[in-house]
Structure formats: C-alpha cells, structure tokens
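Each remark here refers to the structure printed beneath this line.
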Amino acid sequence: MRLSKTFVKTLREAPKDETAKNAQLLIRAGYIHKEMAGVYDYLPMGLRVIEKIKKVIREELDAIGAEEMQLTALQNPEPWKKTDRWADQKMDVWFKTELASGGELGLAPTHEEPLTNLMRDYVSSYRDLPALVYQFQTKFRNELRAKSGILRTREFLMKDLYSFAPDEETHKKIYAQVEKAYKNIYRRLGIGDDTYETFASGGVFSKYSHEYQTLLPVGEDTIYYNKDKSVVLNKEVLEDDVLSDLGVTREELSEDNGAEVGNIFTLKYKYSEPLGLKFQNKDGKQETVFMGCYGIGVSRVLGVIVEKYADDKGLVWPEEIAPYRYYILAMGDKGTEKAIEIYEKYGLKNEMILDDRDARFGEKMSDAELLGIPYRVIISDRTLESGEVEVTHRATGKVERISIDKFVETL
C-alpha cells in the first residue's frame with residue numbers, strides 16, 4: 001500500500017447525510033463508500049479489516065471442529081414455505097425478485113431453511129452427527145429504516161453457524177463450546193472487556209436465548225446488569241419471573257446501552273421437523289435432528305470497534321484487526337529514499353502503508369491519525385541525521401526514537 005499509488009483519497013469533512021460516528025470516520029478515512037441508505041461498499045483497507053475479523057472468527061470456530069462452507073444468497077421459496085416464513089406477513093424483511101422465466105426468488109435474510117434442507121442429503125444416521133457448519137455470507141434485510149451507519153444496514157456480512165445434534169444433551173455441549181469460542185473471539189477483537197453474554201428472548205424456541213452485547217453509548221439496546229455483571233439481561237426480558245429465575249432483584253440492576261455483536265439460539269426442532277431432517281438412531285428408529293444457530297454480524301462488529309476506540313483525531317484499531325501495522329511517513333529526499341528501501345524489503349511481511357506522497361508534513365500526520373494504524377514511523381532527512389526513526393503508538397500516543405538498525409531488526 002503506497003499512498004502515492006492508491007485510488008482512495010481521504011476526506012477532510014464527513015458526508016452531510018451521515019450522522020453516525022462509525023460511518024463518518026470510515027468514509028473520511030477511505031475504508032468504505034456509501035452507495036445509498038443502509039448500503040456500503042468496502043474499499044481496500046476496509047476489506048482488509050473485514051478479512052482480519054473473519055480470520056479471528058474462523059480460527060476460533062475451526063478450533064471447535066466447525067466446517068466452513070458457502071451457501072447461495074438467492075433463495076428457493078419451497079423450504080421457506082414449509083417453515084411458514086416465506087410470506088411477507090410472517091417475515092417482513094424479505095427482498096424478493098422474479099425470474100425472467102417466471103417464479104419468485106428471495107435474497108437470504110438468514111440461512112436456517114436452506115442449510116437444513118441441504119443437510120437432508122448428508123445426514124441419515126446417528127454416525128453423521130453431530131455436525132457444525134458455518135459461513136461468511138452477505139445477508140439482505142429490508143429494514144424499514146437503516147440507521148447508525150454500519151451498525152444497522154440493509155445489506156451486511158454475517159457469520160452464521162448452525163449445529164446439528166442427535167439430542168439435547170449433545171446440543172448443550174456444543175452450545176457451551178460456542179460460548180467459549182465467542183468469548184475468545186471478542187477478546188481477540190479488542191471488545192472482550194466490554195462485551196457480555198446477555199439473557200434475551202428465546203422466542204418460540206426456548207425460554208431464553210443469549211445475545212452478546214457490547215456496552216456502547218450509541219447502542220440501540222437497553223441492557224441491565226448487577227454489580228459484578230455476572231447477570232446481564234436485555235430490557236425485553238426485564239420481568240418479575242425472569243428476575244426470579246436469575247436470582248436478582250430490580251433494585252440490584254444498573255441500566256446502560258448496548259450494541260448487539262452476536263447471538264446464540266437453541267432452535268430445537270423448529271426447522272428440522274417441517275423440513276424432514278431426520279436420522280436413524282442406534283436402535284434403527286427415526287428421530288428428528290436437534291438444532292442450534294449462532295450468529296456474529298461481522299460488519300456490525302467493525303462498526304462497534306470504531307465507536308469504541310475512535311478519538312477526536314480519527315480511527316484507532318486494535319492491533320489484531322488493523323489493516324496494516326505500520327504507517328511509514330516519509331519526508332525529504334533522503335528520508336523518502338530510505339523509507340522506500342525499507343518498505344520494499346520488509347513491507348509485505350510486516351504490513352506497511354508507505355506515505356510517499358508529495359504532501360505537507362501536517363497533511364501526512366493528519367491522515368496517519370485518521371487512518372488509525374497502530375504504529376506511525378517517521379523517516380525523514382532530520383531523523384536520518386541521527387540514524388533514528390520516530391515511532392508513535394496510535395492508541396497511547398507514546399513516542400519513541402530508536403535507531404534505524406533496531407527498527408529494521410524488529411521487522
């Protein structure tokens with residue numbers, strides 16, 4: 001990434017029609033581009049962050065034996081009709097389209113139906129279970145009002161994981177594994193300290209589901225928690241019988257705003273029963289597969305991280321998901337020559353942005369802060385006189401002058 005070569009340009013002002021901090025900064029910094037309300041393009045650096053988030057999620061899910069695949073966005077109505085979720089009156093977020101040859105298709109808002117239907121071809125015996133399958137897939141939801149930047153959009157990237165078990169006992173073990181994996185994911189993404197497993201409505205599936213809520217002033221959800229945050233619940237389940245179940249009183253709870261960054265559901269037989277997903281048990285009898293689903297909104301998580309860490313100068317990325325590690329700021333003829341030499345030799349392996357533009361020092365400094373790269377390294381004619389580079393940590397502001405040889409050694 002040489003800034004003199006890239007087509008992406010930073011903006012001094014935020015778009016007037018964008019009020020959310022996450023979208024304002026990401027657009028100004030050239031990470032995303034707004035197509036229309038609730039629809040955004042991911043430009044090269046924004047895509048790098050998305051891929052870093054996916055890498056963390058992928059590693060943690062692979063570690064518990066989940067397998068990645070990719071389902072289609074276009075949806076056959078038949079499985080959805082069997083579960084009574086095709087009609088707009090039953091699910092009001094559908095985007096639908098008509099085939100030129102006749103007939104109707106949908107753009108998937110979620111994937112329980114198609115995957116359950118698919119698994120009928122691969123699950124027939126208890127020996128085929130349990131199975132954990134996940135994907136990273138673009139979802140489409142016809143939200144009445146897209147808002148909060150990339151926190152609530154009409155087209156978004158989601159990781160959805162589905163579990164297929166022979167019985168509830170096996171499902172509970174899988175559920176616990178996913179809970180542990182999610183804890184690791186949020187820790188590695190830099191939001192673990194402020195993200196809590198939260199009791200929420202289980203709908204028709206079970207008494208409760210679990211959401212993962214990150215404490216955030218701009219969060220759309222209202223959540224309540226006790227003093228040590230060992231019990232956290234969504235406002236939607238703040239009822240006397242729930243409080244009794246959880247062993248807390250209303251007086252013990254504090255109120256705050258939260259942004260949902262994930263959820264996990266026990267589905268039981270909600271989809272496997274109407275779609276006929278069955279298996280033969282050890283006694284040769286047919287049983288229905290017990291299911292669960294587990295989601296993380298990847299693009300939403302990105303927005304939450306921006307809201308959590310950004311300061312008045314721009315973005316601030318946690319190191320594990322930053323698009324690049326070093327922002328090499330080159331100034332002067334000798335400084336630029338040395339910066340290019342280091343970039344060409346070490347840049348690919350060490351994830352460097354090289355700011356080799358013919359621009360003022362102040363403009364380069366401003367962009368370095370706006371882009372939020374963890375380490376800014378100034379290589380200039382002046383620093384070369386003493387054989388040093390100046391390294392600034394974006395998150396803490398700590399400045400360190402070290403020898404060029406030592407810097408190269410770290411690379």
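Any read-out appearing in this document is the output of simple, stated calculations on the displayed coordinates, not a laboratory observation. Here the structure is a predicted model, which is why all the values come from computation and not from measurement. Note: ideal-geometry Cβ built from the backbone for every residue, glycine included; neighbour counts use all protein chains shown.
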**Request:** Would you order 407, 265 from fewest to most other beta-carbon atoms within 10 Å of each residue's own beta-carbon?
**Result:** 407, 265
**Complete:** Here the gain from full extension of residue 124 to residue 226, 0.36 nm per residue of separation minus their alpha-carbon distance, amounts to 32.1 nm
**Prompt:** Under a GNM of the chain (C-alpha, springs under 10 Å), which listed residue has the highest mean-square fluctuation: 283, 194, 84?
**Reply:** 283
**Fill in**
Here region 67-72 yields Karplus 3J(HN,Hα) values (6.51, -1.76, 1.60; θ = phi - 60°; whole Hz; Gly and Pro given as x) of 10, 8, 8, 9, 8, 7
**Message:** On a full-extension model of 0.36 nm per residue, what is the gain between residue 410 and residue 135, subtracting their alpha-carbon distance, rounded to one decimal in nm?
**Reply:** 95.4 nm
**Request:** Any chance you could run the full-extension gain for residue 400 through residue 287? It's 0.36 nm times the residue separation minus the Cα-Cα distance, nm to one decimal.
**Result:** 34.2 nm
**Asked** So for the pair residue 194, residue 256, with labels modelled 7 Å out along Cα→Cβ, what separation do we get in nm?
**Response** 0.9
**Prompt:** So what is the 222 nm mean residue ellipticity for the chain from helices alone, if each DSSP H run of at least 4 adds -39500 (n - 2.57) and you divide by all residues, rounding to the nearest 500 deg cm²/dmol?
**Reply:** -9000 deg cm²/dmol
**Message:** Once you place label points 7 Å from the Cα toward the Cβ at residue 245 and residue 64, how far apart are they in nm?
**Reply:** 2.1
**Request:** Read phi for every residue in region 173-189 and hand back ³J(HN,Hα) as whole Hz from Karplus 6.51 cos²θ - 1.76 cosθ + 1.60, θ = phi - 60°, with x for Gly and Pro.
**Result:** 5, 5, 4, 5, 5, 5, 4, 5, 4, 4, 4, 5, 4, 5, 4, 5, 7
**Asked** Which whole-angstrom value gives the distance between the alpha carbon centres of region 78-130 and region 1-56?
**Response** 33
**Message:** If neighbour count is taken as other Cβ atoms inside 10 Å, put 111, 33 in order from fewest to most.
**Reply:** 33, 111
**Message:** When a/c reaches 1.5 or more, the comparison of a/b and b/c decides; with that in mind, is region 324-410 rounded, prolate or oblate per its Cα gyration tensor?
**Reply:** rounded
**Item:** Karplus 3J(HN,Hα) series, Hz, for region 130-144 with 6.51 cos²θ - 1.76 cosθ + 1.60 (x for Gly, Pro)
**Value:** x, 9, 10, 10, 9, 8, 10, 9, 6, 10, 10, 9, 7, 4, 4
**Complete:** Of all DSSP beta bridges having both residues in region 21-309, the percent classed as antiparallel (nearest 5) is 95
**Prompt:** Hey, fewest Cβ within 10 Å first, where do 268, 55 land in order?
**Reply:** 55, 268
